[in-house]
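The values are calculated or read from the model by the stated rules, or taken from the named source; none is laboratory data. What you are looking at is a predicted structure, and each value in this text was computed from that prediction instead of being measured. Please note: Cβ atoms are built from the backbone with ideal geometry, for glycine as well, and neighbour counts cover all protein chains shown.
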Amino acid sequence: MVCVVFIVPNHSTRRLTPCHLLSLLRKIYLLHNIIPDLGELFSKRYILGINPELFTNERQGRQEKIHLFQEFLPSKNQELGRARRNRDKSATERAVVDKLRGLKIRKFFKKVELEEIKVKRYLKNGSEKMIKSFLIQVPIDQDKLKASQLLDGVCLFVSNHRERKKGKFISSAKKIILAYRHKEQIESAFKNIKSFLKIRPFYVNLDDHVEAVYTICVLAYFINRYLSHRRKEHEGKDFLNSKELYAPFSSGKLVTLKNNISGEIRRKIIPLERYQIALLKNIGLEPLAMSKLPENLSQVKPM
């Protein structure tokens, strides 16, 4: 992969909007397979990166949201066409705008257009009543949509690594991009840990205690990720951040039984259902489908 450095004077950057600049550099990358390194601008170093996975996610995510809204409109119009009472124009428009904002696609649509219509209703006494309602139309703003699509997959990396040796940057653009991506993997792991571990807050300050908590969290993350990976291989669905990951095993429990006379304590596994055992076998975790605990784990010495 080739890295080309663009030294852009300050006065020329003011003539380009960030959207135009990033769009231009994205085209350069796609045509020539280079990483545009903008050099130093305003005491910072700017490097353009193109992430194919991000490109796909942003493009598909936007289209899915637009599709959801386009499905919402006919159902909303159908509801308005069966109105039993007069509809308020402001409230109707606000409901549509709130839907767009909820999907975070408001900027891709033009102003909401409401055409007043009359809906005929028949009362119980046989008389007719005309209800004021609306027909909604919300055109897509194609210019804004195309402008946003130009930046799909674009990542602008900002770095303080401006050190040079013989006129060249010591840290290459590729090295900086990889460092950011590795950092993102670490942050993503901790976000995932916080999403499924319910053991906060932590009131620890001794080094050994902090290390123990950290170890538990990381081990839990690895177990969570390993199980989601195996289920994805078998079922073709990503369970990593889903509550459904452990759902099939929710009835599998370890109970503790205590003899009040002797004080003896024993642990026992509630037998798994056939579908649970089959799932464990399919994802390569058949040893977990044991019907009883090993002797050294089933007995607990009385305190």
Considering S251, S262, S228, which residue is over 23 Å from K191 (Cβ atoms), among the small types (G, A, S) and surrounded by 11 or more Cβ atoms within 10 Å (Cβ to Cβ)?
S251
Scan of the stretch 114-135 for residues that are without any contact (Cβ under 8 Å) to a residue 12 or more places away in the chain and either touching a Phe, Trp or Tyr at 6+ places or on another chain (Cβ under 6 Å) or assigned to a strand (DSSP E or B) (or both), ordered by number
K120, Y122, E128, K129
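Is it true that K111 is of a type in the set (K, R), within 24 Å of the chain's Cα centre (by Cα) and either on the phi < 0 side of the Ramachandran plot or not in a loop (DSSP other than H, G, I, E, B) (or both)? Walk me through how you get there before you give the answer.
Numbers: of a type in the set (K, R): yes; within 24 Å of the chain's Cα centre (by Cα): no; either on the phi < 0 side of the Ramachandran plot or not in a loop (DSSP other than H, G, I, E, B) (or both): yes.
Judged against the criteria, K111 is not a match.
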Of (1) closer than 22 Å to F69 by Cα; (2) in contact with an Asp or Glu (Cβ under 8 Å, 6 or more places away or on another chain), R121 satisfies all except one. Which?
(1)
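Go through F169, F109, F157 for me and flag whichever is in contact (Cβ under 8 Å) with a residue 24 or more places away in the chain, in the same structural domain as R62 (by TED's automatic domain parsing), surrounded by 10 or more Cβ atoms within 10 Å (Cβ to Cβ) and of a type in the set (F, W, Y).
Values: F169 fails: in the same structural domain as R62 (by TED's automatic domain parsing); F157 fails: in the same structural domain as R62 (by TED's automatic domain parsing).
Going through F169, F109, F157 in turn, the sole match is F109.
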